[in-house]
Amino acid sequence: MIPLKQKILAATTIATAVLVGTIGNVHAQQAAPAQAAWVKVCNQDPTSKKDVCLTTQEIRADSGQFLASVAVREIGGEEKQSLVIAVPTGMLVQPGLRLQVDKNTQKEIKYGICFPNACYAELPIDPSVITEMKRGNSLVLTTLNQQAKAINFKLTLVGFTASYDGEAIDPAQLKAQQETLRDELQQKAEAARKRLIEQQQNATGN
């Protein structure tokens, strides 16, 4: 039988994953301007009817492939906060992953649940972690692939304070950012495809 605590963790992580899913590809890629990396979104949890706000950043490859995401989750009427981290599937579930802000102490986090597109981990935090992130420059997630090799995902902390302390993004603005980034990814993918064709043609002399 699954312990009640694990059931609650899975349920809340699923709710967060659904909210993250509504954001789509709005977040900055690794090569995008740092000030656009973090965004704050709020929505109502359909189960608890409480407002859930995420200050979040997602990184993707130029191809649009998901790499990782970090979100500070706050629930209306509750003092507790948590970090919700997502990484690609195919990583070793044990021993979990590690999170580090600049050269501060690493935090070990266990995976809570995996979906077909990503695995999620959740870490309850206190205000000191928010302060650490506000003062920091970068945040690194370290996980292990199936060969037990460490994989690092680096996210900028530039712009975190403004997003965390600011108002949630307007839904219309969010939609516009989604559409803009989707177009940019399509253009980059098409440009990469053309370069590959040209390289093949040059190699064969055709």
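The values are calculated or read from the model by the stated rules, or taken from the named source; none is laboratory data. The model shown is predicted, which means the values in this text are computed figures rather than measured ones. Cβ: placed from backbone, ideal geometry, glycine included. Neighbour counts: every protein chain shown.
Please tell me if Ala17 is at pLDDT below 50, surrounded by 15 or more Cβ atoms within 10 Å (Cβ to Cβ) and within 11 Å of the chain's Cα centre (by Cα).
Here the answer is yes, as Ala17 does meet what is asked.
Thr131 - would you say it is surrounded by 16 or more Cβ atoms within 10 Å (Cβ to Cβ), modelled with pLDDT of 90 or more and of a type in the set (Ser, Thr, Tyr)? It is false that Thr131 is surrounded by 16 or more Cβ atoms within 10 Å (Cβ to Cβ), modelled with pLDDT of 90 or more and of a type in the set (Ser, Thr, Tyr). Count of the range 27-54 residues, restricted to those that are modelled with pLDDT of 50 or more, in contact with a Lys or Arg (Cβ under 8 Å, 6 or more places away or on another chain) and buried (at least 17 other Cβ atoms within 10 Å of the Cβ), is 3. Among residues of the range 132-151 that are closer than 13 Å to Ala68 by Cα, those with a beta-carbon under 8 Å from a residue that is assigned to a loop (DSSP other than H, G, I, E, B) and of a type outside the set (Gly, Ala, Ser) at least six positions away or on a different chain give the pairs Leu139/Leu157; Thr142/Gln106; Thr143/Met91; Thr143/Leu92; Ile151/Met91; Ile151/Asn145.
Evaluating Asp102 against the criteria (1) within 16 Å of the chain's Cα centre (by Cα); (2) closer than 15 Å to Phe160 by Cβ; (3) at pLDDT 90 or above leaves one unmet condition, (1).
Taken over the range 49-80, the criterion of being in contact (Cβ under 8 Å) with a residue 40 or more places away in the chain, out of contact with any Pro (no Cβ under 9 Å at 6 or more places or on another chain) and among the hydrophobic types (A, V, I, L, M, F, W, C) is satisfied by Cys53, Ile59, Val70, Ala71, Val72.
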